[in-house]
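So the structure is just underneath, and the comments pick up after that.
The values are calculated or read from the model by the stated rules, or taken from the named source; none is laboratory data. All values derive from a computational prediction rather than experimental measurement. For neighbour counting, all protein chains shown are included, and Cβ atoms are generated from backbone atoms with ideal geometry for every residue, glycine included.
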Amino acid sequence: MDAILLVEQALNGLQFGLMLFLLAAGLTLVFGIMDMINLAHGSLYMVGAYLAATVATATGSFLVGAAAAVVGTAVVGMLLEVTLLRRLYKRDHLHQVLATFGLLLMANEAVRMIWGPEALSLPMPEALAGPVEIGGLVYPAFRLMIIAVGIVVAVLLYVLVAHTRLGMLVRAGASNREMARAMGVRVSTVFTLVFGIGAALCAVAGAMLGPLLAVQVGMGESILILAFVVIVIGGIGSVRGAFVGAVLVGMVDTFGRTLLPMSLRAVLPPQIAGNLGPALASILIYVLMAGVLFWRPQGLFPARG
Amino acid sequence: MAAGTPLHHAVRWALVGPALVLLALLPVLLTAIDQPFYLVPATRILIYAIAATSLNLLVGFGGMVSFGHAAFFGTGAYVTGIAAMHGLQSAWLAWPLAMVVAGVAAFAIGLVSLRTRGVYFIMITLAFAQMMYYVFVSMKTYGGEDGLALESRSALGFGLSLKSDTTFYYVTLVLAVLSIAVLWRVVNSRFGRTLQGIRENEIRMEAVGFPVFRHKLAAFVIAGAVAGLAGALAANQTDMASPAFLNWHQSGMLLIMVILGGVHSFLGPAIGAAVLLLLEEFVGDMTTHWQFYVGAVLVAVVLFAPNGIATLAVRRSRV
């Protein structure tokens, strides 16, 4: 075990965590402010990735593709909110689960109808396709770009939530919705905007992860579960909690996948270690969540006082 | 127990009676119209009706929205598969064993999960189910990611063989009626009344002196054991214990069946299972894009029949 490997793994974990944060931020705001469980949040990530792949292939520019994905997905998200989802805010959580699960099925199938069943590929921008060397560590430039984008978006989101008027309304809505409404906040407009921002963040994650993972139907579902794990660990409704939770999950998952099999091989026969390692690594984040819920039932940063 | 209160869930024999007769005659009817292969999806519906009804003991009557019921369904399936692999073929031993192991798993998971509430309970049950999923996927001896193929279906004795679709259907029907009847007795028992009281106001029940946690845990174990039976049947029907039985998608489907049918009606989830699986079957025959239309139906149900489809047929009364 050397330092370079550790740094590389830390960078991978940070990259994964930051992308998780982009999804979790929108999810936690929608959950915390509108009190809405949105299982279709992962579908927006999928739509973003498909839009990015299509436009980037057509124009030959990754940047144009990513920009189109962000704008297009935000529009799709806001349209969904205005036409359907706002009718669900006051409903029982179970109804929200049923309706948004239906939406998830529709989104998957609509994507399959439009783009076909095969996975798309989203080409990496050529300037970033190669590796860079930093003090003995050779690391893909594109992954560094993902980390940079993730940090920039996180800072922007922090400024938006903590230092703007819209952010103030959002925080007011998250801590006490009725009071915010009573004080004259035009809640429905804030909700639509928040939903659009959440959708745009999904699209950023979709465009960034598209070149690394396959752009395919169902890509939003496994990451959706992870995003839910993140917001539960962080505390529902808290963007800061989502950030800490996401980086924590990203790090634990990435380090678990490399360090755990390695240390198991040191103490157990290779056959057993080979089977046990990946399973334990996959379980780690769920153990983390169960542990957090056991000792801090409201998550690490509860939004509601 | 007094009838006619909102806590008592009477059987509406006018509807249930004919439905039972229809189910009992289904193999004959399907042979008569020359469509005997529909017996296989019918059996599948019955299996899922058992699982969904057991989940509704938690969701509808205990107020515990579990997103991890697949853990017990899948455990039942795997216990059956593993028992068969080690030579235990008899259904009379393997299926009760599946129920016991699923019940023990539910006890352990419930012990930790039931300390949380609301959304956090949803997520912690999901977390435990996913842990089980990865545990079974990692066991290469028992199939790993490919699942564990059943060497042969469970043996019933008495000259009956589960290889026959008709026999399998009737065995499933008997077990479905039995387990749903047991759950119905549970719901209408003193225990069930207490459980519904806890759903309505947990703190008050605690104050009155009921051991709330023990009641919830007992309900969790019962629901888990019954789901284990459904899993054992499912393993026999598909001839394998698949990791997909344990996946969160499976938990989601069971929850959808419950909500679709209606959480506050006793037979709603069984109807929800039938409607969802029939939709899959028939829309799937018509178009490869069936998921789109099934999704649209789910959205429409929420908008237009918010209390589940069971309430559409019988308004204001409980089936």
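Residues in segment B:159-180 that are within 15 Å of residue B:48 (Cα to Cα) and of a type in the set (A, V, I, L, M): B:171, B:173, B:174, B:175, B:176, B:177, B:178, B:180. Within segment A:81-99, restricting attention to residues that are more than 10 Å from chain B (Cβ to nearest Cβ) and surrounded by fewer than 17 Cβ atoms within 10 Å (Cβ to Cβ), the residue that is farthest from residue B:303 (Cα to Cα) is A:82.
The requirement of being crowded, with 19+ Cβ neighbours inside 10 Å, within 14 Å of chain B (Cβ to nearest Cβ) and either hydroxyl-bearing (Ser, Thr, Tyr) or closer than 25 Å to residue B:118 by Cβ (or both) is not satisfied by residue A:107.
In this structure, is residue A:34 more than 27 Å from residue A:146 (Cβ to Cβ) and in contact (Cβ under 8 Å) with a residue 40 or more places away in the chain? It is true that residue A:34 is more than 27 Å from residue A:146 (Cβ to Cβ) and in contact (Cβ under 8 Å) with a residue 40 or more places away in the chain. Just one residue in the set A:14, A:20, A:44 is at pLDDT 90 or above, surrounded by fewer than 24 Cβ atoms within 10 Å (Cβ to Cβ) and under 25 Å from residue A:155 (Cα atoms); that residue is A:14. One residue stands out in segment A:186-199 among those that are surrounded by fewer than 24 Cβ atoms within 10 Å (Cβ to Cβ) and out of contact with any Asp or Glu (no Cβ under 8 Å at 6 or more places or on another chain): the one that is nearest to residue A:24 (Cα to Cα), namely A:197.
Taking the numbered list (1) at pLDDT below 90; (2) surrounded by fewer than 21 Cβ atoms within 10 Å (Cβ to Cβ) in turn, residue A:71 passes all entries but (1). Just one of the listed residues (B:176, B:155, B:181) is farther than 24 Å from residue B:104 by Cα, of a type in the set (Gly, Ala, Ser) and more than 10 Å from chain A (Cβ to nearest Cβ), and it is B:155. Taking the numbered list (1) buried (at least 24 other Cβ atoms within 10 Å of the Cβ); (2) touching a strand residue (DSSP E or B) at 6+ places or on another chain (Cβ under 9 Å); (3) not polar (S, T, N, Q) in turn, residue A:234 passes all entries but (2). When segment A:202-223 is limited to residues that are over 13 Å from residue A:47 (Cβ atoms) and either acidic (Asp, Glu) or part of a helix (DSSP H, G or I) (or both), the one that is farthest from the other protein chains (Cβ to nearest Cβ) turns out to be A:208.
Given the criteria modelled with pLDDT under 80 and surrounded by 14 or more Cβ atoms within 10 Å (Cβ to Cβ), does residue B:155 qualify? The answer is yes for residue B:155. Residue B:292 meets the conditions (1) over 26 Å from residue A:283 (Cα atoms); (2) surrounded by 19 or more Cβ atoms within 10 Å (Cβ to Cβ); (3) touching a Ser or Thr at 6+ places or on another chain (Cβ under 9 Å) in every case but one. The failed one is (3).
When the helices (runs of 4 or more DSSP H) confined to segment B:222-307 are screened for residues that are modelled with pLDDT of 85 or more and within 16 Å of the chain's Cα centre (by Cα), those reaching at least 3 such residues are found at B:248-261, B:268-286.
The residue list A:113, A:46, A:36, A:124 contains one member that is touching a His at 6+ places or on another chain (Cβ under 9 Å) and farther than 20 Å from residue A:188 by Cα, which is A:113. What number of residues in segment B:143-198 are closer than 17 Å to residue B:49 by Cβ and aliphatic (A, V, I, L, M)? Result for segment B:143-198: 13. Do we have any residue at all in segment B:132-143 that's farther than 30 Å from residue B:66 by Cα, outside any helix (DSSP H, G or I) and small (Gly, Ala, Ser)? No, that holds for no residue. Does at least one position in segment A:170-193 carry a residue that is more than 23 Å from the chain's Cα centre (by Cα), polar (S, T, N, Q) and assigned to a loop (DSSP other than H, G, I, E, B)? Yes, segment A:170-193 contains at least one residue that is more than 23 Å from the chain's Cα centre (by Cα), polar (S, T, N, Q) and assigned to a loop (DSSP other than H, G, I, E, B). Condition first: outside any helix (DSSP H, G or I), more than 16 Å from the chain's Cα centre (by Cα), surrounded by fewer than 19 Cβ atoms within 10 Å (Cβ to Cβ) and within 12 Å of chain B (Cβ to nearest Cβ). Can you find one or more residues in segment A:270-279 that meet it? Within segment A:270-279, not a single residue is outside any helix (DSSP H, G or I), more than 16 Å from the chain's Cα centre (by Cα), surrounded by fewer than 19 Cβ atoms within 10 Å (Cβ to Cβ) and within 12 Å of chain B (Cβ to nearest Cβ).
Here residue A:155 clears all of (1) surrounded by 12 or more Cβ atoms within 10 Å (Cβ to Cβ); (2) assigned to a helix (DSSP H, G or I) except the condition numbered (1). Could you tell me whether residue B:223 is crowded, with 24+ Cβ neighbours inside 10 Å, among the hydrophobic types (A, V, I, L, M, F, W, C) and either more than 14 Å from every other protein chain (Cβ to nearest Cβ) or in contact (Cβ under 8 Å) with a residue 24 or more places away in the chain (or both)? So residue B:223 fits the description; yes. Filter segment B:112-149 down to residues that are more than 7 Å from chain A (Cβ to nearest Cβ), within 22 Å of the chain's Cα centre (by Cα) and of a type in the set (S, T, N, Q) and give me whichever is farthest from residue B:247 (Cα to Cα). Applying the filter and picking the extreme gives B:113.
One residue alone among A:179, A:183, A:113, A:168 is within 14 Å of another protein chain (Cβ to nearest Cβ) and surrounded by fewer than 17 Cβ atoms within 10 Å (Cβ to Cβ), and that residue is A:113.
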